[in-house]
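In what follows, a structure is listed as structure tokens, so that the remarks can point back to it.
The values are calculated or read from the model by the stated rules, or taken from the named source; none is laboratory data. Only a predicted model underlies this, so the values are computations on that prediction, with no experimental measurement involved. Cβ sites come from the backbone with ideal geometry, for glycine too, and all protein chains shown count toward neighbours. Accessible surface areas use protein heavy atoms only, side chains included; no ligands, DNA or RNA. Shrake-Rupley method; radii C 1.70, N 1.55, O 1.52, S 1.80 Å.
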Amino acid sequence: MVADAMGLEWASPAKPDAIVVSAQLGAVQAAMNRILEPHSTFRSIYDHVLSIPGKRVRAGMVLACAQLAPGADAVPLRDAVDIAAAIEMLHESSLIHDDICDGSLLRRDNNSVAAAFGVRVAACAGFHLAGTALREVARVLDANPSVFARIGRAAGVTYLDRLSELSYGQLIETLPPDLEDGALRRHYRAVAGAKTGTLFRLACAYGGTAGGVDDDGLRSLMNYADHLALAFQIMDDVRDIEGGPNLGKDACGDLERRVPTWPVIDWLCTDAEARKMWLDESVSGRDLQAALTHSGALGSAREFAESARRQACIATECFVDSPAREHLRTLARRVVLR
């Protein structure tokens with residue numbers, strides 16, 4: 001292994017384009033700290049957010065997609081890292097507001113920003129964090145006009161003009177349809193595609209564009225992002241029901257709020273008694289958890305997530321075999337195994 005000027009490791013001296021994506025994630029954390037450094041007003045909040053980072057899934061997507069087309073016109077590595085940092089900042093901002101909406105006191109086994117600093121301050125910090133991220137994306141685009149001149153030309157590729165779908169997903173989640181199988185599943189897919197899929201698509205679109213991926217390749221990355229988002233959201237729902245020491249937040253929150261997640265839909269659509277329990281507000285989330293776990297719906301939800309994971313991997317087959325493509329596939333496998 002050798003290191004470049006940023007201290008990032010390359011896979012081998014003989015193939016300098018094959019950068020090990022996981023080795024770059026430390027640089028993403030450093031970039032987030034650098035980008036946020038001037039904003040001393042919110043610095044204590046950002047220190048709180050950055051002190052327990054997540055898995056940086058979206059940053060890894062940006063960096064992998066930026067390396068799928070070796071030899072293409074691409075941005076410098078430092079700018080790709082900064083885009084990855086900006087996407088993670090958008091994600092962190094969305095989590096702050098998600099916790100406000102859900103009344104969550106915990107995030108990654110730590111106090112949520114709202115619990116630690118108050119709802120009003122958390123809301124302001126979330127908006128400020130998102131605005132700073134957008135400014136950073138604009139800076140990178142301005143510094144690399146020839147690479148990003150293609151933005152908006154490929155049909156079906158998501159860029160920042162669709163960022164509002166992130167909040168749209170949070171909104172429609174609170175407005176579930178009647179308990180009918182088809183309507184519930186369509187609603188769930190819409191929520192997952194907006195809440196989780198929006199940032200996945202943005203990560204793949206900006207990463208792929210930064211790396212010179214052609215239009216067909218970008219559309220394949222959108223397909224990858226959509227299937228992975230569905231698998232990711234389903235597994236997130238399964239973990240919320242199962243609980244456990246690695247959940248990082250209070251279990252059964254969605255059950256208490258009567259959010260019809262995928263395992264819940266499987267349960268409701270196969271058990272008439274389940275509907276009575278679901279509609280009975282006196283039944284606690286823990287009682288719903290016990291009944292749902294006993295029903296076998298968690299197993300069927302896992303199977304569906306695995307199917308979505310396979311579809312995500314198939315979407316990457318148009319790219320040449322490389323460490324970057326393998327990172328995307330490994331990420332998909334980790335999603336269903338977590």
Exercise for the section: Name every residue in region 195-212 that is crowded, with 24+ Cβ neighbours inside 10 Å and under 10 Å from residue 147 (Cα atoms), in order of residue number. Expected result: 209, 210, 211
Problem - Criterion (open to solvent by 50 Å² or more (accessible area, probe 1.4 Å) and modelled with pLDDT of 95 or more) met by exactly one of 141, 90, 106, 134 - result: 134
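Looking only at residues that are part of a loop (DSSP other than H, G, I, E, B) and modelled with pLDDT of 90 or more in region 259-279, which one is nearest to residue 297 (Cα to Cα)? Quick ask: steps written out before the conclusion?
Taking region 259-279 as the starting set, the residues that turn out to be part of a loop (DSSP other than H, G, I, E, B) are 259-261, 269-271.
Still in the list and also modelled with pLDDT of 90 or more: 259-261.
Details: 259: 15, 260: 13, 261: 11 Å.
My answer is 261.
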Exercise for the section: Please indicate, with yes or no, whether at least one residue in region 146-155 is over 21 Å from residue 258 (Cβ atoms), in contact with a Lys or Arg (Cβ under 7 Å, 6 or more places away or on another chain) and assigned to a loop (DSSP other than H, G, I, E, B). Expected result: yes
Fill in the blank from the handout: Within region 168-183, restricting to residues that are in contact (Cβ under 8 Å) with a residue 24 or more places away in the chain and not in a loop (DSSP other than H, G, I, E, B), the one that is farthest from the chain's Cα centre (by Cα) is 181
Practice task
Tell me, please, whether a residue that is within 19 Å of residue 324 (Cα to Cα), in contact (Cβ under 8 Å) with a residue 60 or more places away in the chain and either β-branched (Val, Ile, Thr) or in contact with a Pro (Cβ under 8 Å, 6 or more places away or on another chain) (or both) can be found in region 204-224.
Solution key: yes
Practice task
Mind listing whichever residues of region 290-317 are open to solvent by 30 Å² or more (accessible area, probe 1.4 Å), in a loop (DSSP other than H, G, I, E, B) and under 16 Å from residue 227 (Cα atoms)?
Solution key: 317
Practice task
Report whether or not residue 129 is of a type in the set (A, V, I, L, M, F, W, C), outside any loop (DSSP other than H, G, I, E, B) and at pLDDT 95 or above.
Solution key: no
Practice task
May I ask you to list pairs of residues, at least six apart or on different chains, whose Cβ atoms are under 9 Å apart, with the first in region 321-336 being of a type in the set (Lys, Arg) and at pLDDT 95 or above and the second being surrounded by fewer than 19 Cβ atoms within 10 Å (Cβ to Cβ) and not in a helix (DSSP H, G or I)?
Solution key: 325/317
